[in-house]
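Step one of this worksheet: look at the structure below.
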Amino acid sequence: MSNTPVDANKRMWLIASTCAGAVGAGFAAVPFVSSFQTSERAKAAGAPVEVDIGAVNLGEKITVEWRGKPVWVMKRTPEQLASLAYTQEQVADPMSQRTAYPTPKYAQNQHRSIKRGVFVAVGICTHLGCSPTDKLQPGPQPSLPDDWQGGFLCPCHGSTFDLAGRVFRNKPAPDNLEVPPHMYLSESRVLIGVDQAT
């Protein structure tokens with residue numbers, strides 16, 4: 001069978017349509033493929049956060065955001081540090097040895113920190129993700145024991161943590177508060193998100 005002018009026109013139309021469709025699909029794929037690249041906002045969300053603690057007084061706590069989580073940085077008083085020896089026998093994991101929420105080696109100690117006086121922790125309860133509230137004042141208080149030494153109370157299900165973020169025994173929270181990787185750039189500057197080991 002011989003090709004007629006009509007067949008040639010159809011073929012030309014088919015080729016042109018296919019080429020136009022391929023070009024259109026290429027343009028449509030560009031934004032889709034570029035969406036796989038990490039955005040600047042996402043990069044910033046996972047980036048380390050530098051915190052100046054020079055103006056933080058003893059007994060005060062500040063909160064910064066790292067990876068979308070609240071991170072507490074607290075300067076503990078000598079009395080608050082002394083309370084950790086008292087709560088040592090009352091907490092479930094005194095030296096942070098459990099592995100559900102791994103604690104950096106430099107925080108596997110009674111005060112759970114690099115520097116005894118400075119406490120750095122993610123302010124999210126390890127039970128269901130609520131944010132514990134400050135109960136820093138020692139002594140009897142509603143929902144707390146009479147010998148309360150100061151610490152944190154999760155308002156959702158009543159888990160309590162001492163001033164090193166260690167969970168007390170027989171509470172819903174399965175583990176201590178998370179200690180994020182961190183390091184000191186100077187006496188007054190903390191870098192949260194990385195440490196010398198990374």
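The values are calculated or read from the model by the stated rules, or taken from the named source; none is laboratory data. Quick caveat: nothing in here was measured; it's all calculated off a predicted structure. Cβ sites come from the backbone with ideal geometry, for glycine too, and all protein chains shown count toward neighbours. The accessibility values were calculated without ligands, DNA or RNA, using every heavy atom of the protein model including side chains. Shrake-Rupley method; radii C 1.70, N 1.55, O 1.52, S 1.80 Å.
A few notes on this one:
- Being polar (S, T, N, Q), assigned to a strand (DSSP E or B) and either at pLDDT 95 or above or over 26 Å from SER131 (Cα atoms) (or both) holds for only one residue in THR63, THR38, and it is THR63.
- Every pair of residues 6+ apart whose Cβ atoms lie under 7 Å, when the first sits in segment 121-149 and is free of Cβ contacts under 8 Å to residues at least 40 places away in the same chain while the second is assigned to a strand (DSSP E or B) and of a type in the set (Phe, Trp, Tyr): THR133/PHE152; LYS135/PHE152
- Of the residues making up segment 170-183, those that are open to solvent by 40 Å² or more (accessible area, probe 1.4 Å) and at negative phi are LYS171, PRO172, PRO174, GLU178.
- Filtering SER2, SER113 for residues that are at pLDDT below 70 and polar (S, T, N, Q) leaves a single hit, SER2.
- Scanning segment 150-169 for residues that are surrounded by fewer than 18 Cβ atoms within 10 Å (Cβ to Cβ) and on the phi > 0 side of the Ramachandran plot turns up just one, GLY158.
- Among the residues of segment 85-122, the one identified as among the hydroxyl-bearing types (Ser, Thr, Tyr), surrounded by fewer than 15 Cβ atoms within 10 Å (Cβ to Cβ) and assigned to a loop (DSSP other than H, G, I, E, B) is THR99.
- Hits in segment 161-198 (condition: within 13 Å of TRP72 (Cβ to Cβ), out of contact with any His (no Cβ under 6 Å at 6 or more places or on another chain) and aliphatic (A, V, I, L, M)): LEU163, LEU177, VAL179
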